[in-house]
Amino acid sequence: MKRYVVATGLILTLFLSGARAVYADTLGQIQTFRVNVLYDASGANTLSATLRNVSQHAYFYVDDRYWSSLPFDQQQRYAANLTTLANEFDAVIYPRSTEFWGKEANPGVDGDPHVVILLERLVGGSGGYFETIHNYSQERASASNAREMIFVSAESALTGNAKTFLVHEFQHLISFNQKELLRDVMDDVWLNEARSEYAITLAGYSEPFGGSTLQRRMDTFAQSPSDSLVEWPNTSNDYAVASLFALYFVDHYGADVIANSMHNDMAGVSAVESALRQGGEARSFGDVFVDWMVASYLNDRTTNSKYGYIRSGLQALHVPPTLQATIDVSTRANFTYSVREWQPLWFKAIMTNTTASHPDARIRIQGASDVAWRGAVIGTYQNSQISIVPFVSVGGIADVPIPAQRSGVPLTSVAVAISYGSMQPVGTRSVDVRAVSVSVGIGDASLVSTNIAQSPTPTPNVPAPQYVQLSDGDLIRRAGQDEVYVVWGAYRRYLPRGVLELYGFESRPVIEVPDDIFARYTTSNYVRAQSQKKVYAVWPDGTKHWMNITATQWDASGRDWGAIFTVNDAEVSWYATGADILR
């Protein structure tokens, strides 16, 4: 898969205690490390690596399999590049990261102030990963390496991408100490990843913009922008939306705010909003999210400085509408969508045959009444003037008028940026899904009824929604994506490559579904073996974590018993054992 994989599994948020192993590694030392079978190029769970560079702050181990595959001249070049990388870590990555984010656990579980960096031969497209399990003693987690360590693609030391992967993963190591160990808070994955994405820019690796990770994130976001910010199935779209939101957020509200999101005792959206208040900002997370949606669509700071990107390179971004239709004075556009929490959506209606003498356009937003639908209506006029009207629904409904003309110039299109979301951390709960309908018409209020009809056929460059009949047990993938899920009831469950092979599913047909069908299913990661009563949470890093809680605790947490998938014993055994989840 063409993505940079970062695995951040759930691990006990307890302070370490008891005796520490103490390391003092020496050049040429050979060490056996436990690794993740999903990311290792050979599917191995252990490997042998040799310490080939020692810097002030890090040990650089190189996978012996990879090293032995290199001819002598490339080994020489690799050793030189490794020295350059070690110097970069000491001179740039370590000081900038620790000054900005705070320190990693030091000397930590191994009693050694050096960070262990394992350059491992990874599956294609993977840049690196981080697993919290290795930061615990083997008494607490038997599969732990008991080192403060991160994993980086061995090949990247030759391609020149190693420093980018390294600074991204190092932020995870710092976040684990600052958030989980020191504050006993397990942050949402999306926010942890957003910080790691910003860490790349903080280190100076987004310049020049051309060819940078940031440019690749922008290109991915521009192609598929309607991805939930807070749900994390670990796809390239997830990193893209987190990266663009983080850069917009920092450039408009200051780097201190994203840093402070690590230094409070909250998680996810609440952590960001708390950091905003700490910085003296009166706007809520929801307000910021709406501004970001408008900026991503419009990207013009003329009307309001918040409605565009500041950073060079990002000023060219304009996301396409999620759905689009064309209307005139006798018709209306009706859009319906199943929306996940903090999923940005843009619906656009293009006006034809309108004049300045026509009545105002009327927009009705009608959705679930138990959430506040937030957004903005963006009216564009024939002379490129813009009119922006923010809205918040009351009882699930919002009616927004847009003038049919400005200074005698007629309205040519209306775009509705819309989303909703909870302040509660995502954690291990399922992300909510709510249905919303948006109707756009020209004329009086009666034109926009509360009885929302089926959406008209979009313009040719926007594919029409398809009806897909699915049955329990079907395998699906989101249109344009590689990740495979199995559906059952109201839920979908991600199947790693190894699990697909285990069941022989790699030979079964996989149904490609459009976004609206995919969004109807809620992601679950809970499994129970047929012969056992234990329920596990399984993670994309290939680990399983026993839900070591009572039924009362399960209910109080808001988890759904219907989200538990019953699987065979072989699958449960396939996952590596991680630490229990106690809450």
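Across segment 365-374, computed HN-Hα scalar couplings (Karplus, 6.51 cos²θ - 1.76 cosθ + 1.60, θ = phi - 60°) run 10, 9, x, 3, 7, 8, 10, 9, 7, 10 Hz from first to last residue, x flagging Gly and Pro.
For residue 179, give me every one of the lysines with a C-alpha distance below 16 angstrom, ignoring sequence neighbours fewer than eight places off in its own chain. Result set, ordered by chain and number: 103.
Taking the Cα centre as origin and putting +1 on Lys and Arg beta-carbons and -1 on Asp and Glu beta-carbons, what dipole magnitude results for segment 187-283, to the nearest 20 debye?
180 debye
Converting the Cα gyration tensor eigenvalues of the chain into ellipsoid dimensions via √(5λ) gives semi-axes, longest first, of 44, 27, 22 Å. Give the shape of segment 66-213 as rounded, prolate or oblate, defined through the alpha-carbon gyration tensor: a ≥ b ≥ c are the square roots of its eigenvalues, a/c under 1.5 means rounded, and otherwise the shape is prolate if a/b is larger than b/c and oblate if not. The shape class here is oblate. Taken along its three principal axes, the alpha carbon spread of segment 292-368 comes to 43, 33, 17 Å, from the longest extent down to the shortest.
Between the listed residues 229, 161, 255, the Cα displaced farthest toward the positive end of the dipole of segment 143-278, a dipole computed from Cβ unit charges relative to the Cα centre, is found at 161.
Mean residue ellipticity at 222 nm, helices only, the chain: -7000 deg cm²/dmol; runs of at least 4 DSSP H residues each add -39,500 (n - 2.57), and the sum is divided by the number of residues.
In the distance distribution for segment 32-136, Cα-Cα pairs more than 20 Å apart total 45 percent. Packing, as the average of other Cβ atoms within 10 Å across residues, places the peptides 113-125, 170-182 in the order 170-182, 113-125, highest first. How much net charge surrounds residue 47 when only the other residues with a Cβ under 10 Å from the Cβ of residue 47 are counted, with Lys and Arg +1 and Asp and Glu -1? Neighbour charge sum, excluding residue 47 itself: -1.
Can you give me the relative contact order of the chain as a percent, contacts being Cα pairs under 8 Å and 6 or more apart? It rounds to 12 percent for the chain.
Across the options 416, 320, 518, the greatest Cα extent toward the positive end of the charge dipole of the chain (unit charges at beta carbon of Lys, Arg, Asp, Glu) belongs to 416. Put a dot 7 Å past the Cα of residue 45, heading toward its Cβ, do the same for residue 582, and the two dots end up 2.5 nm apart. When you count the other C-beta atoms within 10 angstrom of each residue and take the mean per peptide, 231-244, 264-277 line up highest first as 231-244, 264-277. Mind running the shape call on segment 235-281? Use the C-alpha gyration tensor, a ≥ b ≥ c as the square roots of the eigenvalues: rounded below 1.5 for a/c, prolate if a/b tops b/c, oblate otherwise. Oblate shape, in that a/c is at least 1.5 and b/c is the bigger or equal ratio. Residues 486, 371, 294 in ascending order of nearby Cβ atoms (within 10 Å, fewest first): 371, 486, 294. The magnitude of the dipole of the chain, with charges of +1 and -1 set on the Cβ of Lys/Arg and Asp/Glu and taken from the Cα centre, is near 620 debye. Taking the longest Cα principal axis of the chain as reference, the axis of helix 213-223 is set at about 40 degrees.
Computed from Cα positions, the angle between helix 72-88 and the longest principal axis of the chain comes to roughly 70 degrees. For residue 345, nonlocal amide neighbours, meaning residues 5 or more places apart or on other chains whose placed amide H falls under 5 Å from its own, are 418.
Compared with the direct C-alpha span, the chain from residue 138 to residue 90 gains 14.4 nm at full extension, assuming 0.36 nm per residue.
Given axes a ≥ b ≥ c from the Cα gyration tensor, I'd like to know whether segment 475-577 is rounded (a/c under 1.5), prolate (a/b larger than b/c) or oblate. Since a/c reaches 1.5 but b/c is at least a/b, the shape of segment 475-577 is classed as oblate. As a proxy for reagent exposure, 63, 256, 184 were ordered by neighbouring Cβ count within 10 angstrom, fewest first; the result is 184, 256, 63.
Among 149-158, 313-322, what's the highest-first ranking by average C-beta atoms within 10 angstrom per residue?
149-158, 313-322
With neighbour counts taken as other beta-carbon atoms within 10 Å, the residues 500, 82 rank, fewest first, as 500, 82.
Any read-out appearing in this document is the output of simple, stated calculations on the displayed coordinates, not a laboratory observation. Everything numeric in this text was worked out from a predicted model, so none of it was measured. Using ideal geometry, Cβ is built from the backbone for each residue, glycine included, and neighbour counts are taken over all protein chains shown.
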